[in-house]
Amino acid sequence: MSIRILKIINYLLLILIVISVLVPFFWMLSTALKSENEALMSPPQLLPATPHFENFVLALTVAPFLRYFLNTLIVSVSVVLLSTIVTVLASFAFARLEFRGKNALFFIVLASMMIPQEMLIITNFMTVAKLGWMNSYQALILPYCVNAFNIFLLRQTILQIPEDLYTAARIDGLGNFRYLRKVVLPIAKPTILTTMLLSLIWIWNTYAWPNLITTNDDLRMISNGLKYAFTQTSGFVRYELQMAAATLVTVPLIIIFVCLRKYIFAGMSKAGLKG
Amino acid sequence: MARLRLKNPRRFDNTAYLYLLPAFLLLAVFTIYPLVNTILTSAKLDYRFLTGAYVRVSLRHYADIMADATFLRAVFNTAFIAFVCVPLSMLSALVTALLLNSIKKLRGFFTTLYYLPQVTNVIAAGMVFAFLFNSNFGLVNTMLGWIGIDPVAWISGVNIAKSAALYNQAYLRCLFVLLVYSLWSGLSMKVVLFLGGLQNINPQYYQVAQIDGTSRWRVLRKITLPLLSPTTIYVFITSVITAFKAYSAVVALFGNTYGPIGDNSKMMITIVGYIIDALGDYLSAGAISIASAAAVILLLIIMGLTALQLKLSQKWVHYK
């Protein structure tokens with residue numbers, strides 16, 4: 001039947017799209033496993049004759065990548081923890097508490113979503129330089145600790161918790177903070193995890209800001225380290241090592257994503273609602 | 001004040017400010033102050049970073065930027081990403097989402113694979129694409145070879161200084177590489193959003209259409225696309241806003257000089273690249289003013305687009 005054929009075509013097209021999405025990953029991995037001679041063959045071979053896994057170890061010696069990983073880990077864990085605290089507190093206040101100026105303050109949060117980070121970089125750079133924070137962790141961490149979008153997302157979630165629960169808790173003499181800990185946190189956990197993951201992806205990819213404020217190899221993050229490790233040596237590039245390093249940088253986030261993807265997709269559909 | 005308190009069923013809770021303190025402290029230092037300061041700095045003629053001195057208040061830096069060929073190039077390249085790459089990537093994402101929406105088995109599996117570019121480090125991805133398009137060792141030329149096409153020097157600045165025609169050809173090839181990269185990296189988010197939009201459409205519309213025996217094409221044109229339009233507008237505007245902030249990918253693809261080796265015109269520079277280049281020169285007088293003025297222009301563009309989105313989404317709200 002023609003319906004059957006349509007279905008097959010449908011799947012074939014989807015597979016074709018999968019292939020085109022995966023081609024760069026294939027080329028990255030295949031090159032990462034090639035020998036130096038194979039990487040410089042023209043025309044290139046699709047696959048290495050034997051996989052050279054030692055490239056991954058060699059790539060780590062081109063630049064202090066372990067140091068970059070450690071820095072990225074320090075920055076992302078700090079940002080995720082601090083920004084989660086900031087987000088939870090603020091979104092709880094906006095969702096549940098009554099106070100003067102609430103609408104005006106919430107408007108400021110919403111409006112700040114619109115301001116491109118790329119604009120703020122200029123003054124933040126001057127602030128950091130004047131504070132003597134160039135090449136410091138706090139300069140890498142603090143500007144990322146407030147995320148208006150996450151506050152917005154979590155506020156939406158907390159608003160969906162029935163208000164009766166809050167009233168009942170207040171009657172029982174439960175303070176705001178204990179209510180937040182005992183009731184809101186357990187219920188909002190999936191959304192909090194979503195905001196954490198979004199922050200993590202953001203930090204993992206961040207390039208422009210760390211590039212401005214770190215000149216010291218000891219404080220570089222992976223994106224910047226990756227960029228610099230392979231551009232300072234002019235002309236001659238060890239492509240197999242470059243691709244091995246790119247693989248090392250790419251894989252951790254992909255593993256985290258594959259394990260926790262349902263939280264990312266859940267957050268995405270919530271975010272889509274405001275459209 | 002007292003009247004306000006009476007009107008409100010619940011007492012005002014001053015502890016709220018404590019909850020908001022961390023967020024607003026950070027916002028004040030890293031968002032609100034920089035916003036105001038950047039606008040002010042953009043109007044200070046020849047502002048000096050070290051002393052804070054400037055000649056006078058003037059909008060001359062705006063005029064300078066508008067007359068700067070590099071800035072116009074940056075605007076053109078950014079507009080190319082926003083108004084060529086984004087629509088094409090939306091089209092491919094829409095087709096992908098429609099295909100995904102008409103299957104049940106393996107939908108989650110496919111969606112996960114399509115999402116991979118989104119979680120790939122931008123710099124790593126840019127490097128891989130630069131190598132894919134490498135003239136000698138890249139996979140793209142190999143694949144072209146399979147169908148009998150000679151190797152193309154995709155990202156190459158050889159001989160571009162010799163004539164405008166050669167320069168433009170090199171430029172077009174770089175734009176093509178950027179387009180392919182954008183299609184790949186832009187697919188993830190758009191597929192997820194479009195799929196969400198498609199699944200929000202009330203299935204009754206389709207049931208009615210099926211009873212009437214409406215053709216698939218007509219269903220797509222008369223039901224699916226109109227009902228999907230709020231999502232389409234949302235995806236378009238947010239993607240265009242993201243496109244206006246393009247920077248890291250261009251640096252990863254074309255290097256810190258925003259162009260192939262041999263090019264000294266910053267061929268592929270973007271608006272954010274222009275801001276960051278000006279900022280990199282921060283010790284010379286006026287550099288920060290120029291960066292600020294370019295940033296204010298970027299802000300105005302993004303505010304305009306956000307306003308447009310609000311307006312359009314109100315217009316389409318009756319469909320929901």
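Laboratory data are not the source of any read-out in this text; all were calculated from the coordinates shown. Keep in mind that this is a model prediction, so the values were computed, not measured. Positions of Cβ are backbone-derived with ideal geometry, glycine not excepted, and every protein chain shown enters the neighbour counts.
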Over the range A:2-54, what relative contact order in percent results from Cα pairs under 8 Å that are six or more residues apart? 29 percent
Are there DSSP H segments in chain A that both extend 20 Å or more along their axis (alpha-carbon positions) and score a mean Kyte-Doolittle hydropathy of at least 1.6? List them, or say none. A:2-32, A:65-96
Efficiency of FRET between B:Ala285 and A:Met114 - r from beta-carbon atoms, R0 45 angstrom, step 0.05: 0.90
As a quick test, which of the pairs B:Lys44/B:Lys245; A:Lys34/B:Lys104; A:Lys189/B:Lys105; B:Lys105/B:Lys245 have an alpha carbon distance above 27 angstrom in this structure? A:Lys34/B:Lys104; A:Lys189/B:Lys105; B:Lys105/B:Lys245
In the range A:1-44, which residues have a backbone nitrogen under 13 Å from the label point lying 7 Å from B:Arg216's Cα in the Cα-to-Cβ direction? A:1-14
What does the convex hull of the Cα atoms come to per residue for the protein assembly as shown, in Å³? 196 Å³
Restricting things to alpha carbons, find the Rg to Rh ratio for the range A:63-229 using the Kirkwood radius for Rh. 1.06
Kyte-Doolittle mean at least -1.0, axial Cα span of 30 Å or more - DSSP H helices of chain B: B:164-199, B:287-315
If you scale each eigenvalue of the Cα gyration tensor by 5 and take the root, what three semi-axes come out for the range A:2-54, rounded to whole angstrom and sorted largest first? 35, 10, 8
Chain lengthening between A:Phe26 and A:Ile85 when straightened (0.36 nm per residue, less Cα-Cα): 17.3 nm
Distance (nanometres) between label positions extended 7 Å along Cα→Cβ at B:Ile103 and A:Asp217: 4.8 nm
Label points 7 Å out from Cα along the Cβ direction at A:Leu12 and B:Leu172: separation in nm? 3.3 nm
In Å, the C-alpha Rg and Dmax of the range B:119-180 are 12.8, 41
Would you mind calculating the relative contact order of chain B from Cα pairs under 8 angstrom and at least 6 residues apart, reporting the percent as a whole number? 29 percent
Those aspartates and glutamates that a straight Cα-Cα span of less than 16 Å connects to B:Lys162, excepting residues fewer than 8 apart in one chain: B:Asp263
Isotropic mean projected area of the C-alpha convex hull, chain B (nm²): 26.1 nm²
Estimated FRET transfer efficiency (A:Arg178, B:Tyr33; beta-carbon r; R0 45 Å; 0.05): 0.85
Out of A:Val57, A:Ala139, B:Asn159, whose Cα points farthest toward the positive end of the dipole of the protein assembly as shown (charges: +1 Lys, Arg; -1 Asp, Glu; placed on Cβ)? A:Ala139
What residues qualify as long-range amide H neighbours of B:Lys44, i.e. H under 5 Å apart, gap of 5 or more or another chain, H built at 1.01 Å from N? B:Ser58
What percent do you get for the relative contact order of the range A:63-229 when only Cα pairs under 8 Å and 6+ apart count? 45 percent
Under 20 Å Cα-Cα from A:Lys102, which lysines qualify once same-chain neighbours fewer than 8 residues away are excluded? B:Lys7
In terms of the ratio Rg/(2.2 N^0.38 Å) built on C-alpha atoms, what value belongs to the range A:119-187? 1.71
The set of residues whose placed amide H lies less than 5 Å from the amide H of B:Ser135, leaving out same-chain residues fewer than 5 positions away, is B:Trp154, B:Ile155
Ranked B:Ser135, B:Ser188, B:Ser215, A:Ser223, criterion: other C-beta atoms within 10 Å, fewest first: B:Ser215, B:Ser135, B:Ser188, A:Ser223
Using label points projected 7 Å from each Cα along Cα→Cβ, tell me how many nm separate A:Leu40 and A:Lys102, to one decimal. 6.8 nm
Might you report the magnitude of the Cβ-based charge dipole of the range A:63-229 about its Cα centre, with Lys and Arg at +1 and Asp and Glu at -1, to the nearest 20 debye? 220 debye
Using the Cα centre as the reference, give the magnitude of the dipole from point charges on the C-beta atoms of the protein assembly as shown (Lys, Arg: +1; Asp, Glu: -1; all else neutral), rounded to the nearest 20 debye. 2420 debye
Distance-filtered residues of the range A:84-125 - backbone nitrogen under 16 Å, label point 7 angstrom along A:Ser136 Cα→Cβ: A:124-125
Contour minus Cα-Cα span, B:Leu45 to B:Val208, at 0.36 nm per residue, comes to 52.1 nm
Cross-link reach from B:Lys222 to lysines, straight Cα distance under 17 Å and at least 8 residues apart if same chain, gives B:Lys320
Does the range B:30-158 come out rounded, prolate or oblate by the C-alpha gyration tensor, with a ≥ b ≥ c the root eigenvalues, rounded set by a/c under 1.5 and, if not, prolate when a/b is larger than b/c and oblate if not? prolate
When chain B is modelled as a GNM with alpha-carbon springs shorter than 10 Å, which of B:Phe24, B:Phe244, B:Phe49 fluctuates the most? B:Phe24
Cα pairs beyond 26 Å in the range A:1-141, in percent, come to 63 percent
Got a sec? How would A:Lys34, B:Lys266, A:Lys7 order by Cβ neighbour count within 10 Å, fewest to most? A:Lys7, B:Lys266, A:Lys34
